[in-house]
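In what follows, a structure is listed as structure tokens, so that the remarks can point back to it.
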Amino acid sequence: MIAFLRAVALFVGAMLLQWWWNTHLAYWGAAPQFLLALTILIAARRGAVPGMLAGFGWGLYLDVARAELFGASALILTLAAYFIGVARRQIDLRANGPLAATTFLFTWAGFMGLGLLGLIFTKSFEWCGWVAALLTPFLNVAAVSVAALFWDARGER
């Protein structure tokens, strides 16, 4: 029961953190994507299925928060968790270096995936802007590194 309550607190707390940060601290569209970073961390630590469940739920939240292209964020986060879950068999994602590099690459893949989904369904490439595209991967790496420190300090692997 305690583990379930912790998972619910993490799920809701991450959504609140994402909303608050994007509302108050985002400059020129650049802000860490905490929900992507935590989806990657959960998939790296727990496996593909828990990461996919969290990513799908967080993706639906992001889709409701944004009015365009409903379902795209849920798809992107679910696919990211799946591929991280598969990659953790070949890459030691418990180490901070590979986790950071994977987060950096998956942030770019997420931007391109959202853009391509926009191109397919709305006939326009959904672009976040150059500042966000260049800074957000670094912010996500910082977010996943801090989250991994807290995760590992609690003794959860």
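Bear in mind that the values in this text are calculations on the coordinates, not laboratory data. This structure is a prediction, so every number in the text was calculated from the model and none was measured. Positions of Cβ are backbone-derived with ideal geometry, glycine not excepted, and every protein chain shown enters the neighbour counts.
Could you tell me how many degrees, from 0 to 90 and to the nearest 10, lie between the Cα long axis of helix 48-65 and the main elongation axis, the longest principal axis, of the Cα atoms of the chain? With both axes taken from Cα atoms, the answer is about 40 degrees.
How long is the gain from Arg154 to Ala109 if the chain were fully straight, where each residue apart is worth 0.36 nm and the alpha carbon distance is subtracted?
Taking Arg154 through Ala109 to full extension adds about 13.2 nm, to one decimal.
Taking the average, over residues, of other Cβ atoms within 10 Å as the packing measure, peptides 142-149, 120-127 rank 142-149, 120-127 from highest down.
Restricting to Cα pairs below 8 Å that are 6+ residues apart, what does the relative contact order work out to for the chain? Please round to a whole percent.
27 percent
A P(r) calculated from all alpha carbon pairs of region 2-153, with 10 Å bins opening at zero, reads 12, 43, 36, 8, 0 percent. Between the Cα long axis of helix 34-46 and the first principal axis of the chain there is an angle of about 40°, rounded to the nearest 10. If R0 equals 25 Å, the separation of the Cβ atoms of Val12 and Arg89 corresponds to a calculated FRET efficiency of about 0.25.
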